[in-house]
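Single-structure report; data block below.
Please treat every number below as a calculation from the coordinates, not as lab data. Values in this document were obtained by computation on a predicted structure and should not be read as measured data. Virtual Cβ from ideal backbone geometry, glycine too; neighbours counted across all protein chains shown.
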Amino acid sequence: MKQLTSYVSRTVLSAMLLVLLLLLGLELVFSFIGELEDVKGGYTASEALIYILLTGPGRAYEMLPIAALIGGIAGLGMLAGASELTVMRAAGVSIGRIVWWVLRPAMVLVVAGLLLGQFVVPHTEKMAETRRALALGQNYLAGWLNSYWHREGDQLLRIGTVEPDGPLHDLVFFRYSADGHLLENSRAETARYREGQWQLLNVRETLFQPDGTATVAVTPERSWDSRLTPEFLRLVTMDPEYLSLSNLYFYAHYMKTQGLDSGAYFLEFWKKALAPLATISMVLIACSFIFGALRSVSMGLRILAGVMAGLLFRYGQDFLGYASLVYDFSPVAAAGLPIVVCLLIGGVAIARVK
């Protein structure tokens, strides 16, 4: 039985990896052709190729559920075409056990996806965008911000320039009362992060009194307690989809505690957090195609049905995600509803097989 388990899992995993390579290869080729339209000056065809290759891990991460679906159909289809599944069933192997054997290689993809999303994709995407921008002459550096506005409690802040891994320049603070009256306006030439705290340099502070008068104080250096760290400022420059799961969690909660719009970050967090369930749901759909209503059709039609199911899942999750941002409903529901639907459809279809 151990050899049979290894054989089925190895066959399905090989099919999943082959499908992933084919899908990724097609995606990279077409993306490279599209990128050639932007080739000019220092952004040569070789730079465009490097940019596309650096975005490869992110594209592979997004394709894992669909690769699991189509690869599962292809791997089980090969076993069914050679009547090996029939022999297994005749030998007393239950469908549940075969499904478990198929889920095992899918879990390998799940672990690979988690590692890609947490440790690889954020760095490769940052490198890709930096190289592309510099080649196009845009003087872009990851972590560089200009005219960044931020709110923290009753204080509104404008930062003129944020240097990557460096100081902040031209800071302007506005502090308001509960009824919206301006209480304080402060300006600082520079802010440096030292030992877990910001130090403001050359501070000019204006306090507004209830009688309409104002007092001005100038100090060479002052501490500034804030949860806004250099790490958080670096996260602002990256799209939520390219952030790691841990960074998404911490930054989304930070924005929520400050009363800022954190919907896009929470949505992307739940998409990534539920990605393992998404892959499992795709595997159940694949098994239902082999053992369920599509077991008598050709391999080509099963794969076509798998592609359509994968696209419906992807577009359904994207549609609900955008709808959650517009209509302000739970991002957990937006990310999880398509997964639950696929789990139910796949599970019920397999359970009905005799």
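General remarks:
- For the chain, the Cα-based Rg and Dmax, in that order, read 26.5, 92 Å.
- For TRP198, nonlocal amide neighbours, meaning residues 5 or more places apart or on other chains whose placed amide H falls under 5 Å from its own, are TRP224, SER226.
- Whole-Å semi-axes of the range 148-237's equivalent ellipsoid (Cα gyration tensor): 24, 15, 10
- Charge dipole (Cα centre; +1 on Lys/Arg Cβ, -1 on Asp/Glu Cβ; no other charges) of the chain amounts to roughly 1940 debye.
- Taking the square roots of five times each eigenvalue of the Cα gyration tensor of the range 118-269, the equivalent ellipsoid has semi-axes of 32, 19, 13 Å, listed largest first.
- Taking the chain and dividing mean pair separation by its residue count, relative contact order in percent (alpha carbons under 8 Å, at least six apart): 16
- Per-residue ³J(HN,Hα) for the range 34-41, Karplus 6.51 cos²θ - 1.76 cosθ + 1.60, θ = phi - 60°, Hz, x for Gly and Pro: x, 5, 4, 5, 9, 5, 6, x
- Debye-sum result for the range 248-354 in log10 I(q)/I(0), which assumes one identical scatterer on each alpha carbon, at q = 0.10, 0.12, 0.21, 0.23 Å⁻¹: -0.36, -0.49, -1.02, -1.14
- Folded to 0 to 90 degrees: helix 331-351 orientation relative to the chain principal axis, Cα: 10
- Helix 121-135 axis versus longest C-alpha principal axis of the chain: approximately 60°, rounded to the nearest ten.
- Summarising the amide proton neighbourhood of THR229: residues at separation of 5 or more, or on other chains, whose placed amide H is nearer than 5 Å comprise an empty set.
- The local environment of LEU53, defined by Cβ-Cβ distances under 15 Å, has a net charge of -1 under the rule Lys, Arg +1 and Asp, Glu -1.
- Distance between the C-alpha centres of the range 87-126 and the range 1-80: 15 Å, rounded to the whole angstrom.
- Under 5 Å from the amide H of GLU152 lie the amide H atoms of LEU157, each residue being 5 or more positions distant or on a separate chain, with H modelled from the backbone and absent for Pro and chain starts.
- Its relative contact order, with pairs defined as Cα atoms under 8 Å and 6+ residues apart, puts the range 148-237 at 19 percent.
- Relative to the longest principal axis of the Cα atoms of the chain, the long axis of helix 263-273 makes an angle of roughly 40 degrees.
- For the chain, modelled as a GNM whose springs connect Cα atoms under 10 angstrom apart, the maximal fluctuation among GLN209, GLN317, GLN155 occurs at GLN209.
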